[in-house]
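Chemist: Okay, handing you the structure first.
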Amino acid sequence: MAKETKLSHTAAMILQAVEAGFVYGFSIMEMTGLPSGTVYPAMRRLEGDDLIRSQWERQSIADAEQRPLRKYYKITAAGRTTLEASRKRYPLLERLIPSAEASRI
Amino acid sequence: MRARLQRGLGLLHLCLLRCASLLVPGELRAEWWQEWRAELWHVRFALVPADEFSWSAEQEVTAFCLGAFQDALYLRRPLPQPRTSLAAAQGSASHCMLVLGAVLAASYGFSLLLPGVRAEHFLSQHRPEPGLVMIQNASRLVPGPTISSAQFRAWSGRRQKYFDGLAFYRLAPATVTPSSGMQTGWEVAAASSNLFALLGAPIRYEGFGEAIPGDLPRLILSDAVWRKDFGANPRVIGSIVTVGARKARVAGVAPLGAWRLPGRVDAWLLESDSELASEGMGYVVAHLTALGQAEMWTTRVPITAYKGNDTEDDLLGVALDQQAPLPSTVFLFALLLALLALPAITSVTLDETSVSSHRTSWPRRVYRWGFLSAKIALLLPIVYLSSIDIAYWNPGLAPSTMVCIQVAAGFAGCLFGLRWALKDQQQRCPVCLRKVEHPAQVGQASRTFLDWNGTELMCMDGHTLLHVPGLPTSWFGAQRWLYLDTSWRFLFAGPAAGINNEIV
């Protein structure tokens with residue numbers, strides 16, 4: 001059985017941001033205040049560990065909005081489990097970035 | 001002006017991203033560039049006001065672009081390697097080299113420990129002087145003592161054209177009483193005083209005890225007797241020993257391996273030629289003059305000795321430096337025989353047949369050939385030292401027997417060692433040189449002529465599969481390599497590729 005993934009605070013914050021609906025790099029930068037040199041490599045690591053998954057948006061959507069295609073990130077089931085554990089480790093995480101469900105209530 | 005400045009800075013940001021993209025591995029570069037370019041568009045769209053120029057906004061965009069270098073460098077980093085454990089290292093090229101190195105060290109260690117092998121090393125360093133011959137009666141086919149001391153004295157008293165030195169020795173058992181008083185029976189060689197000097201054989205502790213007065217004959221002890229009867233005590237040099245009815249002074253010890261002439265000797269009693277006993281047959285060693293050496297163009301030469309009464313003796317001169325070939329020469333002979341026999345027991349071709357049109361890069365090929373060369377370079381000294389260990393471990397064996405044993409051991413070692421080296425090479429992945437493992441039987445033997453059947457082995461690093469036909473056919477005679485692309489790698493990921501590490 002694989003050991004539970006332990007995330008650093010930065011990684012946990014980025015994962016929390018993705019889960020909260022900030023689904024592309026720049027929005028995560030804006031939300032967390034982290035520089036691009038931290039956010040993008042961290043997302044590569046999270047993706048490499050199957051905690052998030054990336055997907056290019058459909059061409060038609062980008063064409064309709066007259067902008068370049070964008071890559072979106074989505075949290076995986078493993079990512080949610082890990083995030084739950086990270087929330088216990090970093091109790092202020094949810095206060096910093098409220099999750100999508102919490103913000104809807 | 002403002003628009004031009006913004007366009008210039010926009011170009012600068014694109015240049016920064018392009019430069020960063022050069023750090024990204026080739027297979028990821030296109031997608032990376034697309035993502036960062038799109039992100040840059042969105043960053044500019046969000047930060048840079050459309051109607052006015054803002055330095056702070058441009059600085060933020062520049063900072064964003066500079067972050068791309070960190071991202072590119074992250075993608076460039078080597079993948080986490082699993083910790084090299086013994087199990088993981090097994091089958092790798094370095095493991096093979098390590099094992100061969102250890103075996104070589106063990107063989108060398110054995111050769112240092114075995115007294116017979118040490119003696120052989122000593123002998124190799126102290127070869128007989130060139131031009132030494134053993135003179136024997138030509139009518140005797142079996143080597144043995146054939147020259148009488150009277151005959152020898154007659155020769156040595158005469159002026160010789162072909163010889164500038166002659167020495168005689170005769171073996172006889174004798175009762176020896178050392179100064180301690182313990183009587184023992186030795187095989188003593190009564191020899192000319194110049195015997196060791198003529199042979200060029202060294203004598204240990206020679207010169208010790210010279211202060212003892214008297215004109216007693218000198219006694220040289222063999223290494224075995226010195227150790228057995230005198231406890232390897234150097235103080236024995238100079239002591240008086242009674243050999244038969246005569247007293248002699250111990251003058252030195254002949255090192256192990258120093259004596260390679262016929263006969264097992266425990267001690268040499270060195271006397272002047274006039275003192276040599278007249279009765280019995282012995283051996284004569286002679287050193288050839290330059291003229292004599294020029295006449296001796298084979299290892300054996302017939303010699304005619306004229307007696308005083310106009311009769312002749314038919315003698316034979318046998319070159320001593322040819323009698324026992326050097327171990328290295330014997331080994332080279334065995335290696336030559338093994339190389340000739342090798343194609344009979346294994347395929348010596350290392351041609352690489354690939355299922356696809358894949359060709360290994362030349363650095364990989366050089367690496368592969370270098371590995372094979374290194375393997376053989378380690379293997380040959382192992383076989384050489386092992387053959388010496390086997391042949392010379394018992395110093396009591398006759399030199400010819402030792403040579404025969406060394407030829408046999410060297411031949412077998414070279415033959416099967418080279419066979420192993422080639423077989424091992426044929427079963428190593430051409431990419432990483434790791435030995436392919438986990439043989440799996442594929443197909444049915446009964447369908448050999450309809451479909452492929454044989455054994456499939458895989459490289460545990462996920463580079464290749466090796467197909468070895470069960471029954472070679474005209475269309476599948478030799479083994480073939482199937483190169484796997486990178487999409488197979490996830491199957492071979494090691495434990496370090498797991499997610500149990502703390503990240504970021």
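Chemist: When only DSSP loop residues count, what chymotrypsin sites (Phe, Trp or Tyr not before Pro) in the stretch B:238-338 have their Cβ near at most 16 other Cβ atoms within 10 Å?
Modeler: Of the chymotrypsin sites (Phe, Trp or Tyr not before Pro), the ones in loops of the stretch B:238-338 whose Cβ has at most 16 other Cβ atoms within 10 Å are B:TRP297.
Chemist: Want the number for B:ASP424 to B:TRP297: 0.36 nm per residue separation, take away the alpha-carbon distance, what's left?
Modeler: 41.1 nm
Chemist: Expressed in nm², what is the orientationally averaged projection area of the convex hull enclosing the Cα positions of the stretch B:327-426? Don't skip to the answer; put the middle values down first.
Modeler: Values: hull surface 28.5 nm².
In nm², the orientation-averaged hull projection of the stretch B:327-426 is 7.1.
Chemist: Sum -39500 (n - 2.57) across every DSSP H segment of at least 4 residues in chain B, then divide by the residue count to get the 222 nm mean residue ellipticity, nearest 500.
Modeler: Values: 13 runs with 206 residues, N = 504.
Helices in chain B give a 222 nm mean residue ellipticity of -13500 deg cm²/dmol.
Chemist: Compute the distribution of all C-alpha to C-alpha distances in the protein assembly as shown, in bins of 20 Å from 0, and list the percent of pairs in each, rounded to whole numbers.
Modeler: Histogram of Cα-Cα distances, whole percents per bin: 14, 27, 20, 17, 14, 8, 1.
Chemist: Ranking B:LEU12, B:LEU104 by Cβ neighbours within 10 Å, fewest first, what do you get?
Modeler: B:LEU12, B:LEU104
Chemist: Relative contact order of the stretch A:9-91: what whole-number percent is it, with Cα pairs under 8 angstrom and at least 6 residues apart?
Modeler: Computed over the stretch A:9-91, the figure is 32 percent.
Chemist: In what sequence do B:TYR205, B:TYR392, B:TYR108 fall when counting other Cβ within 10 Å, fewest first?
Modeler: B:TYR108, B:TYR205, B:TYR392
Chemist: Could you name the lysines whose alpha carbon sits less than 16 Å from that of B:LYS423, not counting residues in the same chain fewer than 8 places away?
Modeler: Excluding near neighbours in sequence, the set is B:LYS375, B:LYS435.
Chemist: A:LYS88: which lysines have alpha carbons under 22 Å from its alpha carbon, excluding same-chain residues fewer than 8 sequence positions away?
Modeler: A:LYS3, A:LYS6, A:LYS74
Chemist: Still on this structure: If only Cα atoms are counted, what is the Rg of the stretch B:154-276, and what is its Dmax, in Å?
Modeler: When restricted to Cα atoms, the stretch B:154-276 yields Rg and Dmax of 14.3, 48 Å.
Chemist: Right, something else. Tell me, A:MET43, B:MET458, B:MET97 in order of fewest to most beta-carbon neighbours within 10 Å? Write out the running numbers ahead of the final one.
Modeler: Working: A:MET43 25, B:MET458 21, B:MET97 14.
Result, fewest neighbours first: B:MET97, B:MET458, A:MET43.
Chemist: Looking only at other chains, what is the average number of their beta-carbon atoms within 10 angstrom of each beta-carbon in B:66-73?
Modeler: Mean number of neighbouring Cβ atoms from other chains: 5.
Chemist: Compute the helix-to-body angle for B:93-113: its Cα long axis versus the longest principal axis of chain B, expressed 0 to 90° and rounded to tens.
Modeler: Here the helix axis deviates by roughly 20 degrees.
Chemist: Separate question: Report Rg/Rh for chain A, rounded to two decimals, where Rg is the Cα radius of gyration and Rh the Kirkwood radius. Don't skip to the end; give the middle numbers.
Modeler: Working: Rg = 14.1 Å, Rh = 14.2 Å.
Computed over Cα atoms, the ratio is 0.99.
Chemist: Can you give the average number of partner chain beta-carbon atoms within 10 Å of each beta-carbon in peptide A:47-55, as a whole number?
Modeler: 2
Chemist: What is the packing order of peptides A:59-69, B:116-126, B:229-239, taking the mean over residues of other C-beta atoms within 10 Å and listing the highest first?
Modeler: Packing order, densest peptide first, comes out as B:116-126, B:229-239, A:59-69.
Values in this text are rule-based calculations from the coordinates and carry no lab data. Quick caveat: nothing in here was measured; it's all calculated off a predicted structure. Every residue, glycine among them, receives a Cβ derived from its backbone with ideal geometry; neighbour counts consider all protein chains shown.
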